[in-house]
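Engineer: Okay, handing you the structure first.
The values are calculated or read from the model by the stated rules, or taken from the named source; none is laboratory data. Model, not experiment: these values are computed from the prediction. A quick note on method: Cβ atoms are made from the backbone with ideal geometry, for glycine too, and the neighbour counts reach across all protein chains shown.
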Amino acid sequence: MSTSWTEKIRQALGLEPGESQYSPVNNQDGALEKQEETVSSRKRLVAKIAAAVLLVWLFFFLLYKWGTSEFRHTASNNDEAEPIKSNFFHLVIPASSAGFCRTLFSAGALNYPTPRIVNWEKEFKDDKKLDGGFHLAKIEAVNDFLQKKGAAHHHELVYIPDGLDTWFQLRPEVLIHRYHAIKKRLEKRTWPRYSLKYDQNIIFSAQNSCGSGEDSWPCTLVPDSDIPESAFEPNMSRPRFLGTGSIMGTVGALKSLFEHAKWKTEQRQYASDQEVFSEIFGDQEYHREWQLVNDHPADSVINANDTRNGRVDSKAIELPCGNCQFGIGLDYWGEISTAASDIGEDLVPINLADTLSYRHLDLTTDVNESTPPFWTPDYSGDTKLPQKAWSEVSLQTHRQSGVRPVAIHHGARKDIDDAWRQNWHFPHLRTLASAHAKSMRIPFAVVADQEGTVREYWGPNDGFGGARVHDPKGLPGHWKQWDELCGGDEVGESVFGDGQGAYKCPIYYLYFDSNKQNDQLAKWQERQDEAKRKELN
C-alpha cells in the first residue's frame with residue numbers, strides 16, 4: 001500500500017503515524033499528549049507548528065500565483081477584460097470603554113476589517129457637552145488618524161459608526177455597494193438643479209430632527225428627503241436632517257471635512273459633533289443655492305415645490321470655508337444605518353421564511369447576492385454553524401419601506417438588551433467571533449460597480465481577533481486582542497449571553513516574538529488542562 005502525501009509530510013516533520021502534535025495550537029481535536037513541560041519539548045512543538053504553517057502558507061502562495069498568472073487568462077475567452085482593482089476599506093470606531101463591545105463583535109461576526117479604535121480609555125465628564133464630550137472628541141481623534149494617511153490613500157474608503165450602540169447585521173460588501181449607490185443617486189438628483197457636477201463623496205446618516213434654530217441654514221437650506229410621501233403612513237416624518245451616527249466617505253474627502261470641523265471647534269464651544277457637522281452641511285447648501293441665484297444657469301432644472309426656492313438672495317455672505325463644497329449627502333432611506341430612536345415600533349425583526357404577513361418585503365439583490373450569513377473564512381474544520389440563506393434569518397427591517405439597514409444605531413433605548421438578543425447572529429456569536437479570529441487574510445468585500453468594474457476591498461494587515469488602538473504619536477497604533485478590550489465575565493455575559501463567561505481569543509497563530517510565543521503556548525496548555533479537568537468532572 002502506497003504512502004499518502006499527508007503521511008509523507010508527517011514523516012518529514014518527524015511525526016509518528018497518527019501523531020497530531022503539528023495541528024494548529026488551539027485545535028481541540030489535536031490535543032497534546034501528557035508530557036513533562038521542558039524547554040526542549042516546547043522547542044520541538046514550536047518547530048513542528050512552524051513547519052506545518054509554512055507548508056500551508058506555501059500552498060496558498062502557489063494557489064495565489066496560479067490565480068494571477070497567465071494560466072488564469074488562458075481559461076477566459078475575454079482577453080481584453082479589465083483586471084480586478086483593489087482598494088482599502090477602514091473601519092474607525094470611536095469608543096472609550098467596554099460599552100462598545102457589542103459593536104466590535106457584531107462587526108467581527110460579519111467579517112468586517114480590523115477596526116481602529118479612537119479615544120480608547122479616555123474620560124469625558126463635561127456636563128455642558130453631549131455624553132460628557134465623547135461625541136465632540138471624536139472630531140479631533142478621527143481627524144488625527146486621517147491626517148496621517150498620505151495622498152496615496154485618498155481614494156480609500158472609511159466607515160465611522162457611533163461606537164457606543166451601533167450593531168451590524170449585514171456584510172461589508174452590502175455596505176460598500178450601498179455607499180456607491182447612494183452617492184450616484186444623490187448626484188443624479190443634485191446635478192440638474194445646479195447644472196454643476198458637485199461631488200457627493202461623504203454620506204452621513206439622516207434623522208428627523210434638525211437640532212439647530214428654525215431659521216438656520218442646517219434647517220432651511222438642506223434638501224428635502226428623497227423618500228416619497230407615499231412610502232410612509234400619513235403624517236409620518238421623512239428624515240431630511242444630518243445625523244452623525246454613521247459617516248462614510250473617501251479618505252481624501254473626509255480629511256478636508258474633519259480638518260475644517262476641528263478648526264470650527266477651536267473657534268467656539270459646541271455641544272456635540274452633530275452641531276458642528278450640521279452647520280458645515282448648511283454652509284455647503286447655502287453656497288450651492290447662492291451660486292444658483294447669481295449664476296442663473298440656463299440648463300438648471302428647478303422643482304417649483306422645492307422648499308429652498310427663494311430663501312437665498314444675491315447678497316454675498318462670506319463663509320468660513322470658501323465655497324464649502326465638502327461633498328456631503330445623506331442616507332435618507334437608512335440603507336447604511338438607521339436611527340432606531342426615529343423609527344420606534346416601525347423597526348422590527350423579520351424572518352421571511354417564518355412570517356407570511358411580510359412576504360411582500362422581499363430581500364434586495366445586494367443582500368441576496370452577498371456572502372451567506374453563517375459563512376466564515378475559518379478553514380480549520382472545527383467551526384460548526386448553521387447553513388442558512390439570508391431569507392432564513394431575522395433581519396431588523398423598516399416595516400413600511402422594507403429597508404434592512406446594514407447597521408442600526410440604537411441610542412438610549414430602554415429595551416436595549418432585548419434588542420441585542422434579536423440580532424440573527426446572537427445565538428452563535430461566540431462561535432462566529434472565534435471563527436473570524438482564525439481567519440486568513442482575504443478581501444472583505446468584492447463589489448462590481450454599475451460600470452461592471454470589479455473591486456476587491458481589503459482591510460489593514462493587522463491580524464484578526466483584535467483591533468488597533470489609535471496612537472497620536474503615529475501609525476499603526478497599539479494592537480489589542482478582543483479579550484484585552486472586552487474581557488471579564490460581565491462583558492462576556494452582556495455580549496454573548498450563553499453562560500460561558502469571559503471571551504477568550506483562540507490561540508491559533510503564533511507571534512513572531514519568541515517570548516510571546518512562550519506565553520501563548522503556556523496559556524494554550526493551561527486551557528487544554530482546564531478542558532480535560534472539566535471532562536473528568
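Engineer: Going residue by residue through region 155-169, is there one that turns out to be in a helix (DSSP H, G or I) and either touching a Cys at 6+ places or on another chain (Cβ under 8 Å) or not acidic (Asp, Glu) (or both)? Working first, answer last.
Structural biologist: Residues of region 155-169 in a helix (DSSP H, G or I): none.
No, region 155-169 has no match at all.
Engineer: Okay, next question. Which one is farthest from the chain's Cα centre (by Cα), of the residues in region 216-240 that are surrounded by 21 or more Cβ atoms within 10 Å (Cβ to Cβ) and outside any loop (DSSP other than H, G, I, E, B)?
Structural biologist: Residue satisfying both the conditions and the ranking: Trp217.
Engineer: On the basis of being farther than 18 Å from Ala137 by Cα, of a type in the set (Gly, Ala, Ser) and in a strand (DSSP E or B), does Gly249 make the cut?
Structural biologist: On the way: farther than 18 Å from Ala137 by Cα: yes; of a type in the set (Gly, Ala, Ser): yes; in a strand (DSSP E or B): yes.
Taking the combined requirement at face value, the residue satisfies it.
Engineer: Can you tell me which of Asp513, Asp519, Asp489 is under 26 Å from Gly99 (Cβ atoms) and either of a type in the set (Asp, Glu) or surrounded by 18 or more Cβ atoms within 10 Å (Cβ to Cβ) (or both)?
Structural biologist: Values: Asp513 fails: under 26 Å from Gly99 (Cβ atoms); Asp519 fails: under 26 Å from Gly99 (Cβ atoms).
Of the residues listed, the single one that is under 26 Å from Gly99 (Cβ atoms) and either of a type in the set (Asp, Glu) or surrounded by 18 or more Cβ atoms within 10 Å (Cβ to Cβ) (or both) is Asp489.
Engineer: Quick check on region 381-389. Is at least one of its residues farther than 27 Å from Leu164 by Cα and either buried (at least 18 other Cβ atoms within 10 Å of the Cβ) or among the β-branched types (Val, Ile, Thr) (or both)?
Structural biologist: yes
Engineer: Count, please, the residues in region 210-249 that happen to be under 23 Å from Leu164 (Cα atoms) and among the β-branched types (Val, Ile, Thr).
Structural biologist: 2
Engineer: Only one of (1) surrounded by fewer than 19 Cβ atoms within 10 Å (Cβ to Cβ); (2) within 26 Å of Leu136 (Cα to Cα) fails for Ile317. Which number is that?
Structural biologist: Looking at each condition in turn, Ile317 falls short on (2).
Engineer: Please specify each residue of region 243-259 satisfying the condition of being buried (at least 20 other Cβ atoms within 10 Å of the Cβ) and in contact with a helix residue (DSSP H, G or I) (Cβ under 8 Å, 6 or more places away or on another chain).
Structural biologist: Once the filter is applied, which keeps residues that are buried (at least 20 other Cβ atoms within 10 Å of the Cβ) and in contact with a helix residue (DSSP H, G or I) (Cβ under 8 Å, 6 or more places away or on another chain), region 243-259 yields Gly243, Thr244, Ile247, Met248, Gly249, Val251, Leu254, Lys255, Leu257, Phe258.
Engineer: Now, a different point. Pairs under 6 Å by beta carbon, first residue under 11 Å from Ser96 (Cα atoms) in region 118-135, partner charged (D, E, K, R), six or more apart or different chains?
Structural biologist: His135/Asp273
Engineer: Looking at (1) at pLDDT 90 or above; (2) within 26 Å of Ser341 (Cβ to Cβ), which is the only condition Asn143 fails?
Structural biologist: Going through the list (1) at pLDDT 90 or above; (2) within 26 Å of Ser341 (Cβ to Cβ), Asn143 breaks only (2).
Engineer: Turning to a different aspect of this structure: Report yes if Asp449 is at pLDDT 90 or above, within 22 Å of Val251 (Cα to Cα) and surrounded by fewer than 19 Cβ atoms within 10 Å (Cβ to Cβ), otherwise no.
Structural biologist: Against the criterion (at pLDDT 90 or above, within 22 Å of Val251 (Cα to Cα) and surrounded by fewer than 19 Cβ atoms within 10 Å (Cβ to Cβ)), Asp449 does not qualify.
Engineer: Next question. Which residues, taken from region 470-516, are within 13 Å of Ala433 (Cβ to Cβ) and among the acidic types (Asp, Glu)?
Structural biologist: Of everything in region 470-516, those that are within 13 Å of Ala433 (Cβ to Cβ) and among the acidic types (Asp, Glu) turn out to be Asp483, Asp498.
Engineer: Now a separate question. Show the residue pairs that are 6+ apart or on different chains and have beta-carbon atoms under 6 Å apart, the first residue being within region 499-511 and touching a residue at least 40 places away in the same chain (Cβ under 8 Å) and in a loop (DSSP other than H, G, I, E, B), the second being buried (at least 19 other Cβ atoms within 10 Å of the Cβ) and of a type in the set (D, E, K, R).
Structural biologist: Short answer, once both residue conditions are applied: Pro506/Lys438; Tyr508/Lys438.
Engineer: Output yes when any residue across region 124-135 is modelled with pLDDT of 90 or more, assigned to a helix (DSSP H, G or I), surrounded by fewer than 23 Cβ atoms within 10 Å (Cβ to Cβ) and more than 20 Å from the chain's Cα centre (by Cα), and no when none is.
Structural biologist: No, because not a single residue in region 124-135 is modelled with pLDDT of 90 or more, assigned to a helix (DSSP H, G or I), surrounded by fewer than 23 Cβ atoms within 10 Å (Cβ to Cβ) and more than 20 Å from the chain's Cα centre (by Cα).
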